[in-house]
Structures are given as C-alpha cells and as structure tokens.
Amino acid sequence: MTTVPVSLGERSYEVRVEPGLLERAGEVLEPYAGKRPFVIVTDENVAAQPFFWTLYNALSSVGPAPQVIKLPPGESTKSWSQLETLTDRLIELGVERSDHVIALGGGVIGDLVGFAASVVKRGCNFIQIPTTLLAQVDSSVGGKTAINSRAGKNLIGAFHQPALVLIDPDTLDTLPPRETRAGYAEIVKYGLIDDPDFFGWCEANGTALLNGSGAAREYAIAKSVAAKAAIVSEDERETTGRRALLNLGHTFGHALEADTGFSDRLLHGEAVAAGMALAFAYSVRRGECSGQEAGRIAGHLRTAGLPASLADAGVSASGETLVGYMLHDKKMAGGTLPFLLARGIGQTYLAKNVDLADVAAFLDESRDR
Ligand code: NAD
Ligand code: GLY
C-alpha cells in the first residue's frame, strides 16, 4: 500500500493506493461510518462491474447495506438537472453534514458528487473511489469539483476537498483501452511539467502500463498522485500559479475539445495529449525549446496511441477559430490568456505575454503540416 498525504491544514487527507483495496473497504471505511448507511453514488456502467459488488459487500460486512444512487454515464451527467436529482436524493436519504458520501466512478461522478457534497446542507463530507485511470491520477485529488453550464465546461463548481481517496488499481481491469490511454496522457503530463526522469520512465514503461502491467500501473499512479498532492498542498486554489502548471496542454486541448463538440470524437485526455504536443511545438517556434525534445514527446504520445497534432486529433479548423474557443476559457484573466509553455522536458512555465494572433498563425502552420 502506498499512502500519499495531501497536506492542507484542517482539510488534509490521505490518498491510499493498493491493488485489492476494495476488498478491504469495510475495515478501511468503518471509521468514516455515520449513523446512517453509507451512500454510494456511481454511474450505470460502473454499477455493472464486479468491483461494485466487492465494495457493496465489503461495506455490508461491517454495517448496514449501503444505499446506492446510480446516474447515467457520460459527460452530460455533469449538469444542473443531474445535480438537482442527486442533491434531492441525498436529502431524501437524510444525509447529514458529518456523513461521508462515496463517489465511485470516473471524473464525471467525482466532479458531480464533490460539488453536490459542497452544497448539501451547506457542505457534507465525501470520499473519492476513482475507477478510471484519469480519475486515479488526477481528478480525484485536489478538490476541484464542478458541473458544466451552457456557457462551457466546469464553469459552475467549488473547491471541496474529499475526506479520503481510495485507489484500487485493479478496478482498471474493466476500463476500455481508449479510456486507459486517455488517462495515461495525464500521467505523462507530470513528467513534462517538472520531472524529466519520470518522462524517461514513461518512455521505458508506458507500453507495459497500457498492456496491463500491475507493477507499472501502481508505480505510475502513486508517482502521479504524489506529484499532484505536492502541487495542491502548495497552491490549493490556484492563486500563486503553481497549480496552474497542472493545466499543461489544456488551453490548446480545450480548443480541440470545443471544435469536436466535447464529444467522444476526442476524449479529454486525448485533447490534453495533443494539447501538450502543441504547447511544446509552439515553444519550439518561440525559440524556447529544442525541436528534438518536442519530437521526443510527440513520438512517445503516438507510441501510446494518443494524438500529437491537429491532424491526429481530427481537427481541421482554422487557427482563428481555435483561438476563438480559447477566448472562452475560464482561465482568461484581464483580457489575456496565460499559456503553459516549456523550455524543455520537465521545464514547464506559465507565459503571460502570449500574442494570440501568433498562436493562430502557429496553428495554421501546424494544420498544414
Ligand atoms: P468518465 O467519468 O466519463 O468515465 C469514462 C467512462 O468509463 C464512463 O463511461 C464510465 O462509466 C466508465 N468507467 C468508469 N470506470 C470504469 C471501470 N473501472 N470499468 C469500466 N468502465 C468504467 O470520464 P473520466 O475520463 O474519468 O473523467 C472525465 C471528467 O473528469 C471530465 O468531466 C473532466 O472535466 C473531469 N476532470 C476533472 C478534474 C479535476 O481536477 N476535478 C481533472 C481532470 C478531469
Ligand atoms: N486537473 C487540474 C487541477 O486539478 O488543478
């Protein structure tokens, strides 16, 4: 078992990573039990997996059978209407502030349940049990919770930290390979931000991880969680610029997701992969990063089955159109958009002086390549 602390004063908590952890969930979660049965919130796909029953039976063995709320799978569940359904149901079930609601699923369930927990009775506790690779290495840690609004993704939300995060990598055995690859992009991200040795590890071990090697998977999850916990502990609310580094690839990626309609034409992790490759290619154009390093990154992403260019991502929109999407990014501040660029692998930095017309020209050149 690896235990990673997230140090946030009175909001501190632990992330536990251990294959088979769900089998022991009864004893691990017993200290978090309230007067009422646990409530597990999940989606219909996850509820159909054998590990759902592993958790259900483990909790039933130490207390009353948990109550279960099943929501439809997919990004559209991060909506006002599902938030209303969920909060109504939690209130009907009598959830109190001191209770711990369990979010079992990917980033969609984690983000929605976390947000619901931040508002039910002015805030109750919740526990993240992430079951996608993306959620295990990124979204379950750090307390960003949100739903989408008509104006864009994740625009309505709150910082609300979980009380505990339980990661059982064995739950990934049933995850579709495309979802695994999308989550892997977020693992590569940590190497590119500030850990060149870890990027080297990814080059050497990424294929084994994607082919289901338990040892590679567990190592990469623990390493990613530790990287994220360190950043979140330093800059919980993204005020100093440190946490913003976690958005590497997201500004370019956001434009690609918008152009593909935030649909399964391009998953979030796939957009982040192409976005990271574009951020490095743009850094090369600005004379800040070597072409050899940008080529190494694109090569690794493609070996992992991830897109590393506009063409790979199936995007043919003009640079102007793509920059137009970026202008609706929630990171816009004072009429400018900060960009995560890089001086090399592991040397990402926040650039505030980026000329958007130059970005559009770069995208036009990239599209034609
Ligand atoms: P997701 O939650 O939609 O899960 C992907 C699919 O896999 C779904 O169909 C789900 O039902 C299914 N699934 C989940 N676990 C499974 C398993 N073990 N076996 C089989 N199927 C399984 O998608 P995601 O990629 O986990 O999360 C994406 C969301 O995360 C986006 O909404 C994004 O905005 C959010 N996000 C949040 C943060 C944050 O810091 N809060 C960070 C990154 C992404
Ligand atoms: N996924 C970006 C963050 O948590 O800040």
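The values are calculated or read from the model by the stated rules, or taken from the named source; none is laboratory data. Remember, predicted model here, so these are calculated numbers, not experimental data. All Cβ positions, even for glycine, are placed from backbone atoms using ideal geometry, and neighbour counts span all protein chains on display. Note: areas computed on protein heavy atoms with side chains; ligands, DNA, RNA excluded. Shrake-Rupley method; radii C 1.70, N 1.55, O 1.52, S 1.80 Å.
Key figures for this structure:
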{"read-out": "Only listed residue being away from ligand 2 (no atom under 16 Å from the Cβ) and open to solvent by less than 50 Å² (accessible area, probe 1.4 Å), chosen from 114, 94, 107", "value": "94"}
{"read-out": "Candidate set: the stretch 1-23, residues that are of a type in the set (D, E, K, R) and more than 21 Å from residue 132 (Cβ to Cβ); chosen: the one most open to solvent (accessible area, probe 1.4 Å)", "value": "10"}
{"read-out": "Residue match in the stretch 281-297 (condition: more than 16 Å from ligand 1 (Cβ to nearest atom), hydroxyl-bearing (Ser, Thr, Tyr) and assigned to a loop (DSSP other than H, G, I, E, B))", "value": "yes"}
{"read-out": "Of all residues in the stretch 335-349 being in contact (Cβ under 8 Å) with a residue 24 or more places away in the chain and open to solvent by 50 Å² or more (accessible area, probe 1.4 Å), the one that is nearest to residue 316 (Cα to Cα)", "value": "343"}
{"read-out": "The stretch 260-292, residues that are open to solvent by 40 Å² or more (accessible area, probe 1.4 Å) and either in contact (Cβ under 8 Å) with a residue 40 or more places away in the chain or among the aromatic types (Phe, Trp, Tyr) (or both)", "value": "262, 265, 268, 285, 286, 288, 290"}
{"read-out": "Selection count where residues are assigned to a helix (DSSP H, G or I) and surrounded by fewer than 19 Cβ atoms within 10 Å (Cβ to Cβ), scope the stretch 57-82", "value": "7"}
{"read-out": "Residues that are within 16 Å of ligand 1 (Cβ to nearest atom) and surrounded by fewer than 17 Cβ atoms within 10 Å (Cβ to Cβ), drawn from the stretch 30-48", "value": "44, 48"}
{"read-out": "Selection count where residues are away from ligand 1 (no atom under 11 Å from the Cβ), modelled with pLDDT of 95 or more and either of a type in the set (Ser, Thr, Tyr) or open to solvent by less than 10 Å² (accessible area, probe 1.4 Å) (or both), scope the stretch 125-150", "value": "2"}
{"read-out": "Condition met for residue 199 (more than 12 Å from ligand 2 (Cβ to nearest atom), aromatic (Phe, Trp, Tyr) and modelled with pLDDT under 95)", "value": "no"}
{"read-out": "Lone qualifier among 208, 204, 216, 229 - being modelled with pLDDT of 95 or more and either in contact with a strand residue (DSSP E or B) (Cβ under 6 Å, 6 or more places away or on another chain) or on the phi > 0 side of the Ramachandran plot (or both)", "value": "229"}
{"read-out": "Test set (1) open to solvent by less than 30 Å² (accessible area, probe 1.4 Å); (2) among the hydroxyl-bearing types (Ser, Thr, Tyr); (3) touching a Ser or Thr at 6+ places or on another chain (Cβ under 9 Å) - residue 303 fails condition number", "value": "(1)"}
{"read-out": "Boolean, residue 25 is assigned to a helix (DSSP H, G or I), closer than 21 Å to residue 95 by Cα and touching a Lys or Arg at 6+ places or on another chain (Cβ under 9 Å)", "value": "no"}
{"read-out": "Close pairs (9 angstrom Cβ cut-off, 6 or more residues apart or separate chains): farther than 20 Å from residue 166 by Cα in the stretch 47-75, of a type in the set (Lys, Arg) anywhere", "value": "64/36; 75/153"}
{"read-out": "Verdict on residue 153 being touching a residue at least 60 places away in the same chain (Cβ under 8 Å), within 13 Å of ligand 2 (Cβ to nearest atom), open to solvent by 20 Å² or more (accessible area, probe 1.4 Å) and touching a Phe, Trp or Tyr at 6+ places or on another chain (Cβ under 7 Å)", "value": "yes"}
